[in-house]
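One structure is given here, and the rest of the page talks about it.
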């Protein structure tokens, strides 16, 4: 979680790495295209690193699938 101030109120938001891994984890519900687009866009914008994605993949128990998607980026 990251905290950001919005109109003087502090709100908690998930970081980009966790959001991308959640998209991968729930790809059957949200759609594979959503997961792939989230990963590609965050990668292009250099907002994620493979190490961070791998770390959150371990936390969310999606390392096998996450590894496949990361290999596809290279």
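What the table below lists for this structure:
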{"quantity": "Test for residue 5: is it more than 14 Å from residue 69 (Cα to Cα), out of contact with any strand residue (DSSP E or B) (no Cβ under 6 Å at 6 or more places or on another chain) and surrounded by fewer than 12 Cβ atoms within 10 Å (Cβ to Cβ)", "calculated": "yes"}
{"quantity": "Check on residue 32, modelled with pLDDT under 95, surrounded by 13 or more Cβ atoms within 10 Å (Cβ to Cβ) and farther than 26 Å from residue 3 by Cβ", "calculated": "no"}
{"quantity": "Test set (1) touching a helix residue (DSSP H, G or I) at 6+ places or on another chain (Cβ under 8 Å); (2) farther than 22 Å from residue 2 by Cβ; (3) modelled with pLDDT of 95 or more - residue 21 fails condition number", "calculated": "(2)"}
{"quantity": "Condition check for residue 48: buried (at least 16 other Cβ atoms within 10 Å of the Cβ) and part of a loop (DSSP other than H, G, I, E, B)", "calculated": "yes"}
{"quantity": "Residue match in the range 5-16 (condition: part of a helix (DSSP H, G or I) and either at pLDDT 90 or above or in contact with a helix residue (DSSP H, G or I) (Cβ under 6 Å, 6 or more places away or on another chain) (or both))", "calculated": "yes"}
{"quantity": "Every pair of residues 6+ apart whose Cβ atoms lie under 7 Å, when the first sits in the range 28-54 and is free of Cβ contacts under 8 Å to residues at least 60 places away in the same chain while the second is assigned to a loop (DSSP other than H, G, I, E, B)", "calculated": "42/48"}
{"quantity": "Members of the range 1-26 that are in contact (Cβ under 8 Å) with a residue 24 or more places away in the chain and more than 17 Å from residue 49 (Cα to Cα)", "calculated": "25"}
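The values are calculated or read from the model by the stated rules, or taken from the named source; none is laboratory data. The structure displayed is predicted, hence computed values, not measured ones. Here the Cβ is made from the backbone with ideal geometry for all residues, glycine too, and neighbour counts use every protein chain on show.
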